[in-house]
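Colleague: Okay, here's the structure, questions in a sec.
The values are calculated or read from the model by the stated rules, or taken from the named source; none is laboratory data. Here the structure is a predicted model, which means the values were calculated and not measured. As a convention, Cβ positions derive from the backbone with ideal geometry for all residues, glycine included, and neighbour counts pool all protein chains shown. Please note that ligands, DNA and RNA were not included when accessible areas were found on the heavy atoms of the full protein model with its side chains. Shrake-Rupley method; radii C 1.70, N 1.55, O 1.52, S 1.80 Å.
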Amino acid sequence: MKPKKTLNPPQVKEGIYKWGSTVVVSLVAILFLFPLYWIITGAFKNGVEINAAEPVWWPSEWEMTNFEKLMDRRSSPLFEITIGSLTFIGPKIPSAILWVINSVVMAVGSMLLTCLTSAMAGYVLAKKNFWGKSIIFALIVCAMALPKQVILIPLVRQMASMNLWDTVWAVIFPIVGWPFGVFLLKQFSEGIPTEMVEACRIDGASEWRTFTDVMFPMIKPGVGACAIFMQLIMLTKTENLTIALGIATMQGESSTDYGLLMAGSALASVPIIIVFLIFQKYFTKGITMGAVKG
């Protein structure tokens, strides 16, 4: 007869800690996933179930009414190009689809420009010595605390003077040079050994070659975090709106169509979820590298 295996106190303590951590993490995950679950299920509920006094946790019948209203209520041309006196107008599509396209274009455009400029500025502030470096970095840190409302009017006037007001560029360009992005990527660049930069200089590599071939690949996790962490009131035309602003304009002054809101939110969450699933390894690695240094 085999003797019974007994667990010593450290093993018991480790097992309790493991199961306790699993339970806590599972509860936190459920709490974070619940809003997404409520939005997706709410998008398929009818008005009675959405406005019921007692929560309806699961639709009795999965209806597409909210999505039909979202797609049928407004339509816009896919594109509109003016060359001299000629104007080319594309086929009409549901405005909601165009709003999602605008959101993706604005997000990707601002993300690429912001990550590029922030990475270059962070590299220079971390690895180059020049007069006024501390003052510039101090101004960038102060700009992080500056409310957007303070610069809103000058920004609108500047965009109008450049004939960019009411275009997608009026949303993209103000984000370029994001102070937090510069701050974040400067911290990442400081974690790269200076000896590697000096070795590139000894080998005759130019500054641009050093940045693109050595520095940028090593700070990719920080660039990924900066990209994921990244609307102003610059847009008025229906075809230029993003999905969030577009859904807001479809609401009445004295009533709120929660089914329409949930359908729009579910539609808007699709690109975000796809991007996160693709770049999640850069996001998690970027967070951990930014939190632990040494």
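Matching residues to (1) in a helix (DSSP H, G or I); (2) closer than 29 Å to residue 200 by Cβ:
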position	(1), (2)
93	no, no
100	yes, no
104	yes, no
109	yes, no
115	yes, yes
121	yes, yes
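Colleague: Okay, next question. Output the number of the condition that residue 252 fails; it satisfies all remaining conditions of (1) among the small types (Gly, Ala, Ser); (2) at pLDDT below 75; (3) open to solvent by 60 Å² or more (accessible area, probe 1.4 Å); (4) not in a helix (DSSP H, G or I).
Modeller: So residue 252 meets the others, but not (3).
Colleague: Across region 81-122, what is the total count of residues that are closer than 14 Å to residue 179 by Cα and open to solvent by less than 70 Å² (accessible area, probe 1.4 Å)? Lay out the reasoning, then the answer.
Modeller: Of the residues in region 81-122, the ones closer than 14 Å to residue 179 by Cα are 110-111, 113-122.
Keeping just the survivors that are open to solvent by less than 70 Å² (accessible area, probe 1.4 Å) gives 110-111, 113-115, 117-122.
Result for region 81-122: 11.
Colleague: Would it be correct to say that residue 165 is on the phi < 0 side of the Ramachandran plot, at pLDDT below 80 and over 22 Å from the mean Cα position of the chain (by Cα)? So that I can check it myself, show each step before the final result.
Modeller: Numbers: on the phi < 0 side of the Ramachandran plot: yes; at pLDDT below 80: yes; over 22 Å from the mean Cα position of the chain (by Cα): yes.
It is true that residue 165 is on the phi < 0 side of the Ramachandran plot, at pLDDT below 80 and over 22 Å from the mean Cα position of the chain (by Cα).
Colleague: Sort out which residues of region 27-50 are among the aromatic types (Phe, Trp, Tyr) and either touching a strand residue (DSSP E or B) at 6+ places or on another chain (Cβ under 6 Å) or under 11 Å from residue 66 (Cβ atoms) (or both), and write them in order of number. Talk me through it step by step, then tell me what you get.
Modeller: Here is the first cut: in region 27-50, the ones among the aromatic types (Phe, Trp, Tyr) are 32, 34, 37-38, 44.
Within region 27-50, 44 is the sole residue that qualifies.
Colleague: Restricting the search to region 63-103, which residues are of a type in the set (S, T, N, Q) and either over 26 Å from the mean Cα position of the chain (by Cα) or farther than 20 Å from residue 166 by Cα (or both)?
Modeller: Selection gives 65, 66, 75, 82, 85, 87.
Colleague: On to the next question. Output the residues belonging to region 191-207 that are in a helix (DSSP H, G or I), open to solvent by 70 Å² or more (accessible area, probe 1.4 Å) and of a type outside the set (A, V, I, L, M). Can you show your working first?
Modeller: To start, the set of residues in region 191-207 that are in a helix (DSSP H, G or I) comprises 194-202, 207.
In the following step, the residues that additionally are open to solvent by 70 Å² or more (accessible area, probe 1.4 Å) were identified as 195-196, 198, 201-202, 207.
Correct list: 195, 198, 201, 207.
Colleague: Answer yes if at least one residue in region 126-136 is among the basic types (Lys, Arg) and crowded, with 16+ Cβ neighbours inside 10 Å, and no otherwise. Write out each step before concluding.
Modeller: Narrowing region 126-136 to residues among the basic types (Lys, Arg): 127-128, 133.
Subsequent filtering for residues that are crowded, with 16+ Cβ neighbours inside 10 Å retains 127.
Looking through region 126-136, at least one residue is among the basic types (Lys, Arg) and crowded, with 16+ Cβ neighbours inside 10 Å.
Condition check ((1) touching a helix residue (DSSP H, G or I) at 6+ places or on another chain (Cβ under 8 Å); (2) open to solvent by 40 Å² or more (accessible area, probe 1.4 Å); (3) not in a helix (DSSP H, G or I)) across all residues:
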position: 150; (1), (2), (3): no, yes, no
position: 155; (1), (2), (3): yes, no, no
position: 160; (1), (2), (3): no, yes, no
position: 163; (1), (2), (3): no, yes, yes
position: 171; (1), (2), (3): yes, no, no
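Colleague: Do you know which of the residues in region 46-74 that are of a type in the set (Lys, Arg) and in a loop (DSSP other than H, G, I, E, B) is least open to solvent (accessible area, probe 1.4 Å)? Can you show your working first?
Modeller: Our first condition is that a residue be of a type in the set (Lys, Arg); within region 46-74, this holds for 69, 73-74.
When the remaining residues are screened for being in a loop (DSSP other than H, G, I, E, B), the result is 73-74.
Values: 73: 115, 74: 78 Å².
Step by step, filter region 46-74, then rank; the result is 74.
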